[in-house]
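Following: one structure in structure tokens, then a few remarks.
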Amino acid sequence: MNRVIHPIEQESFRRLRARLDTSHFPPLTRAVVERVIHSAADLEYAGDLVMDEGALEKAHAALHAGAPVVVDVEMVAAGITRRETVCRLRDAVAGPGLTRSAHAVRLAYEQVGPGALWVIGCAPTALEELLTLDASPALVIGLPVGFVGAAESKAALRESGLPAVSNVSEKGGSAVAAAALNALLYTPLSHSEEKQ
């Protein structure tokens, strides 16, 4: 089913492209960059995001083949409207040396196993916990926000070698993490080689 794009969204992307030339990005990278910028009205993401087109292509195929999508918080899930997600935060409990968010990641991994797409937009400890597991993810969208641990957890994600979308700065959040996943969802398999 094709997604109907509202005229306000079309105009927003037109204005974004008038202010920032994204034509040099490969197709899926461009889709992610533009949708993240659109979600935050923050052009600085164009130079802050870090991703690899080859990893995005593999993740895009896995996503459209039905790979599970795991989110760290319900706010991320709320932003992903065209796909069911797994969020185990309500079932999680904090313990000594373990935040609720980290426990939720463990519970989610027990549920979905390897090959999922992980979308982390809130808790750096969720991203840190994911990096301790042998999760073999299709992709990790690691865009937690905050002054404590966010930039460090994203740096650790990049150093891990896992297929990932991250950013260098402390900014991020549920809306931008959901937007990055939506960029892949909204790009049909048949159009992944074309520019959006």
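The values are calculated or read from the model by the stated rules, or taken from the named source; none is laboratory data. Bear in mind that the values here come from a model prediction, so they are computed numbers and not experimental data. With ideal geometry, Cβ positions are generated from the backbone for all residues, glycine too; neighbour counts draw on all protein chains shown. Heavy atoms of the whole protein, side chains included, go into the accessibility calculation; ligands, DNA and RNA do not. Shrake-Rupley method; radii C 1.70, N 1.55, O 1.52, S 1.80 Å.
Shown for the stretch 1-62 is the translational diffusion coefficient from the Stokes-Einstein equation, using the Kirkwood radius over Cα pairs, a temperature of 20 °C and a viscosity of 1.002 mPa s: 170 µm²/s. The trypsin sites (Lys or Arg not before Pro) of the stretch 46-116 that DSSP puts in a loop, and whose beta carbon has at most 11 other beta carbons within 10 Å, are R82. Structural descriptor for the stretch 41-186: relative contact order 27 percent, calculated from alpha carbon pairs under 8 angstrom and at least 6 residues apart. Each Lys and Arg adds +1 at its Cβ and each Asp and Glu adds -1 at its Cβ; summed about the Cα centre, the stretch 54-196 shows a dipole of about 220 debye.
Here's the picture: charge each Lys and Arg Cβ at +1 and each Asp and Glu Cβ at -1 in the stretch 75-142, and of A102, A78, P137 the one pushed furthest to the positive end of that dipole is A78. For the stretch 96-134 versus the stretch 1-26, the spacing of their alpha-carbon centroids is 32 Å. Taken along the Cα-to-beta-carbon direction at a fixed 7 Å, the label points for E159 and D134 span 2.2 nm.
Over the residues of the chain, the helix contribution to mean residue ellipticity at 222 nm works out to -14500 deg cm²/dmol, using -39500 (n - 2.57) for each DSSP H run of at least 4.
Remark: the stretch 27-70 carries a charge dipole of roughly 220 debye about the Cα centre, counting +1 on each Lys and Arg Cβ and -1 on each Asp and Glu Cβ. Between D91 and E44, the contour length at 0.36 nm per residue exceeds the alpha carbon distance by 13.3 nm. Sorted from greatest to least, the principal axis extents spanned by the alpha carbons of the stretch 1-143 come out as 50, 29, 27 Å. Largest mean-square fluctuation among E11, E170, E84, in a Gaussian network model of the chain whose springs join Cα atoms under 10 Å apart, belongs to E11.
Round to a whole number: what % of the accessible area of the stretch 1-71 belongs to carbon and sulfur, probe 1.4 Å? Ligands and nucleic acids excluded, carbon and sulfur reach 54 percent.
Under 5 Å from the amide H of V86 lie the amide H atoms of V69, V70, V71, each residue being 5 or more positions distant or on a separate chain, with H modelled from the backbone and absent for Pro and chain starts.
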